[in-house]
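Reviewing the structure listed below.
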Amino acid sequence: MLEKQNLPQNWTSISKYNSLPLCEWNLAKTHWRLSHVIFAHTTKSFLFLLHRSNGKNYQLVLALVFAIEEINRNPHILPNMSLGFDLYTIPDNESNVLESFFFWLLGLEKVIPNYTCRRESKSVAVLLGATRKTSSQTGLLLELYKFPQVTITFGPFDHALSDPGQFPSLYQMAPRDTSLALCMVSLLLHFHWTWVGLLISEDQKGIQILSDLKREMEQNGVCAAFVKVIPEDTEFSLHLIIESSANVIIIYSDTNFVEELLFAIGQYFMTWKVWVTNSRWQDVSKMKHLILDSSHGMLMFSHYHGEIPGFTELTSTVNPSKFPEDIYLARLWHFCFGSSYSKRDCQTLENCPQNASWEWVPEYVFDMSLREESYNIYNAVYAVAHTLHEMLLQLVDTPKMGNEEGLLFSPWQKLKFENIAGEQVTLDEKMKLETEYVIHSFWNFPEGLSYIVKVGNFSPYAPHGQQLSLQEDLIEWSIGFTQVDMDQCVKCPDHQYANTERNQCLQRSVTFLAYQDPLGMALACTAVCLSVLTSAVLGVFVRHQHTPIVKANNRALSYILLISLTFCFLCSLLFIGPPNTATCTLQPIAFGLVFTVAVSTVLAKTVTVILAFKVTAPGRRMRRLLVSGAPNFIIPSCSLIQLTLCGVWLGTSPPFVDSDTHSEHGHIIITCNKGSVTAFYCGLGYLGSLALGTFMVAFLARNLPDTFNEAKFLTFSMLVFCSVWLTFLPVHHSTKGKVMVAVEVFSILASSAGLLGCIFAPKCYVILLKPHSCSLHGFRDRTLCGSNKPS
């Protein structure tokens, strides 16, 4: 039977790992770790690790306590059991993280690996608000000690931690910054700021946000005065800012860098800049008024989150008398209100001001409003509780297998719940929605006092043009700043492009698929060689025109096909070289007509083969069609239709010389614009339909008895032809510039070569290498060459 365990009122207990007397501890040396989940008579724990402990970080502990107490009062989550916690101190140094974990794992005040004095069982979850380095170290250590760990980070989202191969059991509560770049650029466009500087951190998050910012800025015509990846020498970064004419600086980095930067800026009294930053920089409000003068007009972006009912009341009323065993709270109270410690135990506070309130304390010391990290911790604790609850339900429904050490967190990926603020919470990154952003600014007062004010918000779900909402009257602009944008940012003319620094326009070089290019030279040589080869085949056929293999299947059609193939190869040369009005006009006519003649000739040859084997008795109609040369009329009929389409194309929207400035950076590509894309695809579609029909007719006639296998050769030739042009369509649609022209030339050469090789290569082999087989004497004796057909 599970028994309900009540939490004591004095919920915090601090374990000391320092030789100094308690009352002499410095505030900055106190940090936190460890909270427990009490599982009936068995204790399960999840580690709570917090860095940079100060008054503001104390709120994170309160968020943990608040969530645990809410869960313990809720009869619908983990009934008949309670969550408990215990806090420890760890040094604020990433290099000592492993040592701090050993203190917790071993239950000792010194590190003795592979030994433990802890009475509690192993942890089942870790709440971590640290960096990638800390996460990787803790994960490795817990894996070595066989802890069935699930790590939940409540700090800013880190793309490096989202690799399931490296961190298989790590989940991040914070949302992604998928819309941050769009949000910042929307702010720039709102104020018509088109000349800005960029200072970006050198980690993976910075690289990603830099890529997003560049894309959005280029799409919206915003120029970068400079781009600097940090951390670098602060003086050098300051040198860039001072000399740059940009008055708007976007900075994406950590708090340490911005503190150093603003301190240096304060020495120069540089108050005319506007800083656009991410939300982690709210700690700069602890600086004195001289430096804060430089941060007037600072606009900070943070993720929107709901409010937790009752949490602000807890943060405003927490005091040492309410929680007398909370040693850290006593230190914080002493630091803020000047209370003195009792000489008897060095713990009890004396001489405290009457009616002391956290409202007297500056925001940078103790923040009573709900922070984003606190909200993430609150959701993380509930995620652990919901998962444990789901596991208990599974244990009840399914007989327990093995011992308790083998519990696995199978419900994590499917976890999805609605928190008390009405927002959906999930640990699956694929199911997370894009977050909204809140824009804050500083109101600065003397002696380091400041107030963070909400001045706007950004919603990616709003209609375009209504995503950004600002209250400009709440923004406290910096001294000397003017909202009139710099006039140096101008768009370069079409024949020029901006350099890498975007402070000068450079001349574009004109390019096209030229004969001097290796690709153009290779295509031109191929076209000339194939046209010469086709002419040679035509010469062979003319010289051996009286042989049965040439006379079979209408040698006149063979001559027409060879001549049209020669022009097919030569017409590809119209696509190479500098385009002009003549070549752009001849391209569709030459390509469309010559290929239509070639394909219709193949169709006429195929129909001739079919008619020849359908003639079974004298006097039949098909015999009259064959003798009269009716298949030869297919060529002018089909060509007339293509000629009509080309005429309509040239009459309505003819091709013209065009320049492409987008395909290749720094180049102007001269190409022939199709004029009417519809007309182009109509002509290509007609040619494709004709080729498909020819292939179907040849395919049906492939098994007809033929001494020279003419029907099979025609089938193979059209199969190659159709395959080339079916491949051409998607490739042509996805390419631009010189590559598109090269694809067109290659398709012309490949399809023409397919017709030439499949139809005439076998015939030339027989004519040149086996002449006796095709002589009249050999035909009569061995019947290798078939009967003579009318020419």
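The values are calculated or read from the model by the stated rules, or taken from the named source; none is laboratory data. All figures in this text were calculated on a predicted structure; none of them were measured in a lab. Every residue, glycine as well, gets a Cβ built from its backbone with ideal geometry; the counts of neighbours run over all protein chains shown.
Cβ-Cβ contacts under 9 Å between residues 6 or more apart (or on different chains), taken from a first residue in region 163-190 that is farther than 18 Å from Leu127 by Cα to a second residue that is among the basic types (Lys, Arg), are listed as Arg176/Lys432; Asp177/Lys205; Ala181/Lys214; Ala181/Arg215.
The conditions of being modelled with pLDDT under 60, within 22 Å of Ser201 (Cα to Cα) and among the aliphatic types (A, V, I, L, M) are met by Val284. All told, Thr644 meets the bar of being surrounded by fewer than 16 Cβ atoms within 10 Å (Cβ to Cβ), in the same structural domain as Ala556 (by TED's automatic domain parsing) and of a type in the set (Ser, Thr, Tyr). Take the residues in region 546-584 that are polar (S, T, N, Q) and assigned to a loop (DSSP other than H, G, I, E, B); name whichever of them is farthest from Leu756 (Cα to Cα). Ranking the qualifying residues of region 546-584, first place goes to Asn580. Checked against (1) modelled with pLDDT under 75; (2) of a type in the set (S, T, N, Q); (3) within 19 Å of Tyr252 (Cα to Cα), Thr277 passes all but a single condition, namely (1).
Could we say that Tyr497 is more than 30 Å from Ile77 (Cα to Cα), at pLDDT 80 or above and in contact with a helix residue (DSSP H, G or I) (Cβ under 6 Å, 6 or more places away or on another chain) here? Walk me through how you get there before you give the answer.
Numbers: more than 30 Å from Ile77 (Cα to Cα): yes; at pLDDT 80 or above: yes; in contact with a helix residue (DSSP H, G or I) (Cβ under 6 Å, 6 or more places away or on another chain): no.
It is false that Tyr497 is more than 30 Å from Ile77 (Cα to Cα), at pLDDT 80 or above and in contact with a helix residue (DSSP H, G or I) (Cβ under 6 Å, 6 or more places away or on another chain).
Of the set (1) buried (at least 18 other Cβ atoms within 10 Å of the Cβ); (2) hydrophobic (A, V, I, L, M, F, W, C); (3) over 13 Å from the mean Cα position of the chain (by Cα), all apply to Phe191 but (1).
Check region 324-342 and report whether any residue there is at pLDDT 80 or above and surrounded by 12 or more Cβ atoms within 10 Å (Cβ to Cβ). There is no residue in region 324-342 that is at pLDDT 80 or above and surrounded by 12 or more Cβ atoms within 10 Å (Cβ to Cβ).
Residues that are assigned to a loop (DSSP other than H, G, I, E, B) and over 18 Å from the mean Cα position of the chain (by Cα) within region 429-438 comprise just one, Glu436.
The numbered conditions (1) in a helix (DSSP H, G or I); (2) modelled with pLDDT under 90 are all true for Leu749 except (2).
For region 745-772, give me each residue that is of a type in the set (D, E, K, R) and buried (at least 18 other Cβ atoms within 10 Å of the Cβ).
Residue satisfying the conditions is Lys763 alone.
Return yes or no: is Ser469 within 33 Å of the chain's Cα centre (by Cα), exposed (fewer than 15 other Cβ atoms within 10 Å of the Cβ), at pLDDT 80 or above and farther than 21 Å from Leu189 by Cβ? The answer is no for Ser469.
Checked against the criterion of being farther than 21 Å from Cys584 by Cα and either of a type outside the set (Asp, Glu) or not assigned by TED's automatic domain parsing to the domain that holds Ser717 (or both), the candidates Leu519, Leu561 yield just one match: Leu561.
In region 199-206, the condition of being at pLDDT 90 or above, acidic (Asp, Glu) and within 29 Å of Ala160 (Cβ to Cβ) is met by no residue.
Flag not set for Glu363, criterion: within 44 Å of the chain's Cα centre (by Cα), acidic (Asp, Glu) and modelled with pLDDT of 70 or more. Note on region 656-672: among residues that are surrounded by fewer than 19 Cβ atoms within 10 Å (Cβ to Cβ) and touching a His at 6+ places or on another chain (Cβ under 9 Å), the one that is nearest to Leu506 (Cα to Cα) is Thr661.
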